[in-house]
1. Taking Thr383 as the residue in question, decide whether it is modelled with pLDDT of 95 or more, polar (S, T, N, Q) and outside any helix (DSSP H, G or I).
2. Just for segment 233-280: of the residues that are surrounded by fewer than 18 Cβ atoms within 10 Å (Cβ to Cβ) and not aromatic (Phe, Trp, Tyr), which one is farthest from Gln381 (Cα to Cα)?
3. Regarding segment 330-349, can at least one residue be identified that is within 21 Å of Ala172 (Cβ to Cβ), outside any strand (DSSP E or B) and of a type in the set (D, E, K, R)?
4. Taking Glu357, is it within 26 Å of the chain's Cα centre (by Cα), part of a loop (DSSP other than H, G, I, E, B) and not small (Gly, Ala, Ser)?
5. Of all residues in segment 293-309, which are among the hydrophobic types (A, V, I, L, M, F, W, C) and either at pLDDT below 95 or crowded, with 24+ Cβ neighbours inside 10 Å (or both)?
6. Would you tally the residues in segment 344-396 being under 22 Å from Val289 (Cβ atoms) and in contact with a strand residue (DSSP E or B) (Cβ under 9 Å, 6 or more places away or on another chain)?
7. Does segment 27-51 hold any residues that are more than 22 Å from Leu143 (Cα to Cα) and not basic (Lys, Arg), and which are they?
8. Answer yes or no: is there a residue in segment 261-275 that is assigned to a loop (DSSP other than H, G, I, E, B) and of a type in the set (A, V, I, L, M, F, W, C).
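The values are calculated or read from the model by the stated rules, or taken from the named source; none is laboratory data. Since this is a predicted model, take the numbers as computed values, not measurements. Counting neighbours? That spans all protein chains shown, and the Cβs are built from the backbone with ideal geometry, glycine included.
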Amino acid sequence: MKRIHGDTKKRALGLCMLIATLFGSAVAKADVVLDWNAIAVNTAIANKQNPFAQARSAAIVQLAVFESVNAITGEYHPYLGTIVAPPGASPDAAAIQAAYRVLSTYFPASASTLDAERANSLASIPDGQAKTDGIATGEAAALAMIALRANDGSSPPQFKIPGPLVPGEWQATASCPIVDGIAVGIAFQWQNVTPFGIPSASEFLLDPPPALASREYAKTYNEVMRVGSIDSTERPQDRANVALFYAASSPTQVFNQAVQQVAQEQWHSLSENARALAVVNMAMNDSLVASFLNKYHYNFWRPETAIHAGDADGNPKTDPDPSFVPFVTTPCFPSYPSNHGSAANGAAEILRRIYGEGGHFITLSNPAVPDIVLQYTTFKQITDDISDARVYGGIHFRTDQVAGERLGKAIGKAVYKHNLRRMHDDD
């Protein structure tokens, strides 16, 4: 296995940014690729998909959309390479049908809503051969992607039985399900899901987490104990807000929302938007697969388990707190690295290569936390907030976030370099 070696913030968005954001939203118009990206994300959330399943379904949708549009425009190297579009086929109709077919297949409970969205989208395209051929192209791309992912390892669900009660070893927490009388870890199979854009997740094995007796471990232990407990007096309100927002918002939800805004801001074409959404969702999925591989390889304990047992870790600088309760609910799988950190940095690495790091006007919202709205001008601001969110939420060590950042950046770089490149682009 190839190993990856490794060696906050207040922002003021002034009146000028607010005006620019409002003006931009007034003059920019989403295309059908962006429209159906929003429908796809909202459909997955409405069907209560977990964050890693959301990343997988979003990648399938966006690759089907990309493949159908690209079969018509021919601007990029294809993903499948098997879809042939008749001359003159409508790329808009293709994109609509591709997204619709994937979503209606995976989310039959949303069929009536999706049928209405499809009819509404297609109504704006004049009837004729171009529309008919576009629909057929989108259908072919969707069915091909569905078939490709039919046995990709994402199901059936598998569970991790916790190891022995020894310092550093992951143990089940309150959110874990009971299977055969034992509290178990979820998504044990996800480390074996076939990636979309990298050859194998095993090529991205991180260095191990810090040794329990180390100064580095004591530093990150004491940080999360200080700022991450439910009753912490050292968690500022803005850090509480990001902890709550990102506990409710998956990387798929966050970064697709960001693309929807930045793509309109920069007036990218239908084909460019299809490609951008495909590669960013590929990177998020693959980062999560590799994150789970590392999680279940190292089986490192969560902060709440560690802090309860701080007197047993062999480190004189980690005092225990048996009453520690994290500010947000701990997910039910090992701590190292952070899934949110991995997927977020995989997405951000792609986006800065397509759109540039800064100068954006991104507003993130989520109906699940309606009183919290976050605004950003760079992708790094988002990933920095996600890093803080997991530490101030009490569910990750800072070193989990640093490792997730390294992992996501490495995968984002690999996905961008080797997938969906522009034709005749040898860079």
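1. no
2. This residue is Ser269.
3. No; the residues of segment 330-349 include none that is within 21 Å of Ala172 (Cβ to Cβ), outside any strand (DSSP E or B) and of a type in the set (D, E, K, R).
4. yes
5. Passing the criteria: Phe300, Trp301, Ala306, Ile307.
6. Summing the residues that are under 22 Å from Val289 (Cβ atoms) and in contact with a strand residue (DSSP E or B) (Cβ under 9 Å, 6 or more places away or on another chain) in segment 344-396 gives 3.
7. Val27, Ala28, Ala30, Asp31, Ile45, Ala46, Asn50, Pro51
8. yes
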